[in-house]
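Here is the structure we will look at.
Values in this text are rule-based calculations from the coordinates and carry no lab data. Since the model is a prediction, treat every value here as computed from it, not as a measurement. With ideal geometry, Cβ positions are generated from the backbone for all residues, glycine too; neighbour counts draw on all protein chains shown.
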């Protein structure tokens, strides 16, 4: 498993000049940093072997070292990680000659500076000196839930050279593990993805054992502590931007009191079948829209729906993993095994195939699926065997029982699930038609904009869908069916003739236009031009 990305913050302290005190403090810092218990380090300019050992350890364990003092000077050269100068409220005209000399050398050995440094030392900094931004993305789900839009956004932001923190509000760590079992945190299934893309995962520690969080009072106290912890953390790292995706982020946005730029990247019409919870979601989102600095939506359907509360600053692309789908890179051993298994399975599935990529949840129109699968016995319907529990909604739908009914149909096939987009690409290539069978009686589905649309488009297959508002714009490539009879007619028509090559060319252009890179870049450009 790859090493988790890490940042160290470097300060200067005169106390470390004192021989015995310096030795003790350097040894203590070496131990704490090695154990991952601290990321703040103090050094002095006085030569010391323990200091050099500490700086060497930092270089080996971190991706970035952020210097918080103008006094570090030439010793900054000893750091081999990417070096960033971050000083604020510094009037360099009032610095002593020695401090100015140290500042010059600190800047010389810095790879980039922060926006705060640029503001503080504007006239001192060369115009073209690289500026490094720090971006926080709150994450409210567990890692078992594949929130691709969050992970892909973090990936693009990090690959563009920003320091990206994914603050896992939904994945806290117990205080005991934080202090004594920190390495256990690296077992998250997504850890390699985060490490490969320089995404720094921050897990807030809980005050109480998880078993006690079922008690309402303790849960409330812990929630307030978590909010306090995250707020203090954001202020300490001097974040440039908070990139929100969830109405639940309103409490964090309020606590920051406009001390940092905030955006709401609205990718869905958030709702639930539980009306009490749904009312809270709508209240939270309404409040979030009033508090954030910038508001973006990824579809015209969402623009219309949300404009009653606040007009979005811009409609941006949906988000498609173009890099993975265009890559011809080697598969990992795990991916190779998955592909080999799938090839054997697909050899036994009769053609033609109408397929669905995605989790099996309450969102599916099970009545439609039962009817259409039964009505077309010579067509194979393929799903990934990926039931995703949504307890708040499943209690109203009996999702597992409905999935079981689908499994019992002779021409319905469930294949092993995967989290690899490269494997997903191989699966879609087996489809003759891609389907999006969401129940549009739910607002969440009616106003959604499925990411799988552009995965289907990239491979070059026709799509059949229920009447999702945003998909009506793509009538050339997406057939909309309101009931199983219309689905039956569309499927028969699409299977009766080859898919035009020029249609595939247009689909490829649409997929590329909606890449994650295009989406993220458009948002950042807008924020930069209007902030």
The residues 147, 244, sorted from fewest to most surrounding Cβ atoms within 10 Å, come out as 147, 244
Distance between Cα centroids, the range 191-269 to the range 423-464: provide it in whole Å. 32 Å
Can you compute the label reach from residue 401? Point 7 Å from Cα along the Cβ direction, backbone N cut-off under 12 Å, restricted to the range 350-371. none
Relative to a virtual label point 7 Å from the Cα of residue 525 in the Cα→beta-carbon direction, which members of the range 285-309 show backbone nitrogen distances below 20 Å? 294-300
Two pseudo-spin positions, 7 Å from Cα along C-beta at residue 78 and at residue 96, lie apart in nanometres by 2.1 nm
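Expressed in nm to one decimal, what extension gain is obtained for the pair residue 274 and residue 473 from 0.36 nm per residue of sequence separation less their Cα-Cα distance?
That works out to 68.6 nm of additional length.
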C-alpha long axis of helix 333-347 to longest principal axis of the chain, angle in °: 0 degrees
For the range 322-513, what does the convex hull of the Cα positions come to per residue, in cubic angstrom? 122 Å³
Arranged by the count of other C-beta atoms within 10 angstrom, fewest first, what order do 268, 88 take? 88, 268
Correct semi-axes for the range 7-120, from √(5λ) of the alpha-carbon gyration tensor and rounded to whole Å with the largest first, are 23, 17, 11
Taking Cα atoms, how many degrees apart are the long axis of helix 216-237 and the longest axis of the chain, rounded to 10 and kept between 0 and 90? 60 degrees
Sorted by packing (mean other beta-carbon atoms within 10 Å per residue), highest first, where do 483-493, 356-366, 310-320 land? 356-366, 310-320, 483-493
How much FRET efficiency would the formula 1/(1 + (r/R0)^6) give for residue 232 and residue 410, where r is the Cβ-Cβ distance and R0 is 56 Å, rounded to 0.05? 0.45
Over the chain, the sum of -39500 (n - 2.57) across DSSP H runs of at least four, divided by residue number and rounded to 500 deg cm²/dmol, gives at 222 nm -13000 deg cm²/dmol
When 435, 175 are ordered from fewest to most other Cβ atoms inside 10 Å of their Cβ, what list results? 175, 435
Correct choice for semi-axes √(5λ) of the Cα gyration tensor in Å that was computed from the model, options (1) 38, 32, 19; (2) 35, 29, 24; (3) 48, 24, 24: (3)
Between the range 272-343 and the range 17-76, what is the C-alpha centre distance in whole Å? 41 Å
